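Below is one structure; the comments refer to it alone.
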């Protein structure tokens, strides 16, 4: 009997080792493995559920059963989104325009191109008008969409009336708060040149911009009950 128990313990350890290996070898396995394990545990109780249903359950039991089914559905839907992505949810049904901050380079430019490919008109907001014009011309010629450019420095605080005026009348369905800054080179925090000014600028660009841009576009999104951030 004890030998059997030891064997079972070894099986449990080996199973745990496989789970640990899957999770540690590649962090991307962690979420689907845990999620699928939760789904499996819920589905394993289906026989007990149908047994309860066959004996005229009370209204409270019906509510519990419905909640259980909803939980399983949410888990399966979440697993599907994790694997296949949620790209189909982002379409011009949300609104005809997408707003992208920091849109002239890197990730911001890639966002603008992908949204334009999906048919959105693009409002580009960045610091350099020359770069904005280049990206704007590229999007219009390649994807046949409308564009609008607003040249502002997000390190400043007096720019938002200009942005609000530039976005007036646009049906904005997607807001990409992409603009951001960090150190120009690796450095100890206390040794950054002009630290006080840098802190203020970094807060304005990385934090204030998110709050202010959301404040500008969110009211009309709420009116239409359609938006994506």
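No lab work stands behind these numbers, since they all come straight from the coordinates. Worth saying up front: this structure is predicted, and the values here are computed from it rather than measured. Cβ placement follows ideal geometry from the backbone for every residue including glycine, while neighbour counts extend to all protein chains displayed.
Table for the structure above
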| item | result |
| --- | --- |
| Least to most buried among 62, 97 (fewest other Cβ within 10 Å first) | 62, 97 |
| Distance histogram for the stretch 89-224 (every C-alpha pair counted, 10 angstrom bins, percent rounded to whole numbers) | 12, 42, 32, 11, 3 |
